[in-house]
1. Please list A:77-85, B:17-25, B:144-152, B:198-206 highest first by mean number of surrounding beta-carbon atoms within 10 Å per residue.
2. Under a cut-off of 26 Å between alpha-carbon atoms, report the lysines in cross-link reach of B:K99, not counting same-chain residues fewer than 8 places apart.
3. For the range B:112-129, take each phi angle, set θ = phi - 60°, evaluate the Karplus expression 6.51 cos²θ - 1.76 cosθ + 1.60, and give the result in whole Hz per residue in order, putting x for glycine and proline.
4. What's the Kirkwood radius of the range B:70-157 in Å, using all Cα pairs?
5. Could you size up the charge dipole of chain A around its Cα centre, putting +1 on the beta carbon of Lys and Arg and -1 on that of Asp and Glu, and report it in debye to the nearest 20?
6. Give me the dipole magnitude in Debye, nearest 20, for the range B:182-242 about the Cα centre, with unit charges on the beta carbon: positive for Lys and Arg, negative for Asp and Glu.
7. Please compute the average number of Cβ atoms from other chains found within 10 Å of each residue's Cβ in peptide A:216-225.
8. List, largest first, the extents of the alpha carbons of the range A:1-136 along their principal axes, each in whole Å.
Number of protein chains: 2
Amino acid sequence: MSTLTPEQLDRLRVVLVSPRNPLNIGAAARAMSNFGFLRLRVVNPYAVAFREARSAVGASALLEAAEEFGSVAEAVADCALVVGTTSLGHRELQHPLRKLAYGARLMQRRLASRPTALLFGCEKYGLANHDLSHCHWLMRIPTREEHGSMNLGQAVAVSLYELVRDSRAATRKPESAKPAAAGEVERLTAMLLEALKASGYTNPRTAASTEEKMRRLVRRLNLPERDVEIWLGIFRQILWKVGGGAP
Amino acid sequence: MSTLTPEQLDRLRVVLVSPRNPLNIGAAARAMSNFGFLRLRVVNPYAVAFREARSAVGASALLEAAEEFGSVAEAVADCALVVGTTSLGHRELQHPLRKLAYGARLMQRRLASRPTALLFGCEKYGLANHDLSHCHWLMRIPTREEHGSMNLGQAVAVSLYELVRDSRAATRKPESAKPAAAGEVERLTAMLLEALKASGYTNPRTAASTEEKMRRLVRRLNLPERDVEIWLGIFRQILWKVGGGAP
């Protein structure tokens with residue numbers, strides 16, 4: 001039924017960040033199975049919830065095979081595109097915000113060649129700013145202002161439905177330049193931060209917010225794989241010179 | 001957010017036939033509220049479940065205002081169009097079966113003038129043949145054959161999302177960020193080259209080709225105006241530290 005090929009379906013990583021409720025984890029897994037996405041990753045889940053979801057009657061092989069990570073950075077390290085979801089329109093977002101339908105078309109294209117992550121935040125607060133800083137851009141499900149916040153399992157279902165929904169865009173050719181993996185981009189971010197610290201750009205009091213700002217700044221570059229290597233070399237050299245030590 | 005007018009939203013009756021699980025009733029109501037459909041009808045619900053759903057913490061006004069009916073016939077009596085949902089492809093259906101995306105467009109048109117009902121069957125068996133006989137046609141959510149059956153709350157969320165989805169949005173491009181002027185990009189390139197020279201990255205013998213390579217590298221970043229300022233600040237600071245002097 002899906003317009004995505006089995007290879008494309010297999011390239012998506014659905015990432016649940018800090019889920020608290022076993023029913024929601026189970027519901028997310030069910031929607032994934034309904035639409036043919038089988039790779040679930042869970043970041044820092046409430047341990048009891050994750051255990052309960054896995055041991056529930058009828059828990060799927062998908063849930064058993066779910067991978068657990070300690071941070072968003074690790075969970076998306078192999079992904080060339082990292083997309084966050086939000087149902088909020090009013091928050092001051094630092095990211096490009098795309099409508100679900102349009103964002104899904106962009107994701108389909110990227111899935112044609114590279115692993116791609118779709119992030120969902122915890123039930124109560126959604127994705128935290130720190131999680132968002134790992135995202136290239138965000139998708140918004142068009143809920144109404146008066147009641148924007150969706151149930152996690154339903155948000156996953158709607159997003160994955162939009163990804164498999166029949167559309168001519170799905171048959172479009174993949175982009176030409178091979179995008180860099182998130183792990184490489186994060187390495188570059190770490191080097192940049194090191195260089196900023198060593199050169200006195202960073203104010204220690206605001207280091208945390210600077211880190212998020214820089215992470216977003218680097219993601220906005222949308223570096224292709226071939227270029228990230230060059231930039232890594234450049235910053236390695238600069239870092240050596242400014243005395244931050246090569247990481 | 002919705003492409004439907006308030007009048008159109010108000011003309012849809014979401015009809016749950018014989019729901020058994022209070023959590024599912026609550027989830028259906030939540031998705032309705034998310035997408036702006038406020039008229040819930042329940043046919044012959046499992047009484048305990050309906051009571052529990054209504055008395056749950058955070059149960060909405062929508063759920064309190066839900067109307068209860070003894071039969072599908074009564075629940076859809078005022079509707080000019082009655083559409084059933086199914087996630088099954090194999091059942092021998094006597095009805096026209098439409099893809100969700102196409103069916104939703106037909107429903108939108110009918111909602112422009114007349115009350116329309118969208119039916120969801122019970123969790124275990126979906127809509128019974130008797131229920132189906134009240135439907136003009138059916139919509140199928142494109143789940144995969146190996147795992148077709150959706151959770152009720154998620155099926156409601158996906159169907160209603162498709163009803164409010166802006167079908168033109170998929171083809172619209174987001175506003176692209178204002179690109180940086182070439183002069184700014186060249187200033188950044190000059191600073192980068194200076195930093196590379198000062199840190200020993202550049203081999204004097206190949207400096208000319210390095211310069212061209214770096215110029216292309218920086219152009220490929222396609223920097224927006226707001227970001228080029230930040231990068232200029234970063235390199236100004238690094239340059240000061242590596243001793244190249246601020247240009």
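Since every read-out is calculated from the coordinates, none of them should be taken as a lab result. From a predicted model like this one, the values you see are computed outputs, not experimental measurements. Positions of Cβ are backbone-derived with ideal geometry, glycine not excepted, and every protein chain shown enters the neighbour counts.
1. A:77-85, B:17-25, B:144-152, B:198-206
2. In chain and number order, the partners are A:K99, A:K173, B:K124, B:K173.
3. Once θ is set to phi - 60°, the couplings for the range B:112-129 become 4, 9, 9, x, 9, 10, 10, 9, 10, x, 6, 3, 8, 10, x, 7, 6, 4 Hz.
4. The Cα-based Kirkwood calculation yields 13.4 Å.
5. 580 debye
6. Dipole magnitude for the range B:182-242 comes out near 240 debye.
7. That average works out to 3.
8. If we take the Cα atoms of the range A:1-136, the spans are 39, 35, 24 Å.
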